Amino acid sequence: MTAAERPIQAVDPRNPHALVTALISELHRRDLQVKGKHTTNAVILHVIQPAASGGGDTIEGGLANVPALSQTVVLTPDSQRRSETRAYAWSWVWGSEFRSAGDPETERFGAGEDIGPAADAIARVLRVNS
C-alpha cells in the first residue's frame, strides 16, 4: 500500500496546528522533508525532496542556501470561504526574491482540511523521475 492509499486520520479543520501536523505526517510518508515556521498570520512549510537536494548546495553567487528541489507552502485563513468560521487553505508560495520583484506571491491550491490531496499535489511538484 502506497502512502497515498493509506487512510488519513480525521483532523479538526478549524485547528491550524492539527492541519499542519497532519500534512507534515503525510509528507513524511511520501519521503519528503519539511521545515516549518509560524508567523502571526500563517504557518510556512518548506518542503524538500531529499532525493534531489544535492546536500543543500549553495546557489551560485551565494544568494541562497536552499536544496535543489523544494517548494514553500503556507496555511492561511481561507479568503474563499469567509463565511465559514476559522476555515484555512493551503497555498503555494512563489518567491520573487531571486527576481528582485518584491514580496512573494501565493496561489491557493486546496482547502486546509484536504490533507491527502494537498500532500499529493506537493509530492507531484517535487517528484523525481528515476
Long-range HN-HN contacts of residue 89 with modeled amide H, under 5 Å:
76, 78, 112
Ranked from the most accessible area to the least, with a 1.4 Å probe and all protein chains present, what is the order of 40, 21?
40, 21
Report the calculated FRET efficiency for residue 44 and residue 129 (r = Cβ-Cβ distance, R0 = 30 Å), to the nearest 0.05.
0.60
So how exposed is residue 11, as accessible area in Å² (1.4 Å probe, rounded to 10)?
40
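The values are calculated or read from the model by the stated rules, or taken from the named source; none is laboratory data. Model, not experiment: these values are computed from the prediction. No Cβ is skipped: glycine too gets one built from the backbone with ideal geometry, and neighbour counts run over all protein chains shown. Surface areas here come from the heavy atoms of the whole protein model, side chains and all, with no ligands, DNA or RNA. Shrake-Rupley method; radii C 1.70, N 1.55, O 1.52, S 1.80 Å.
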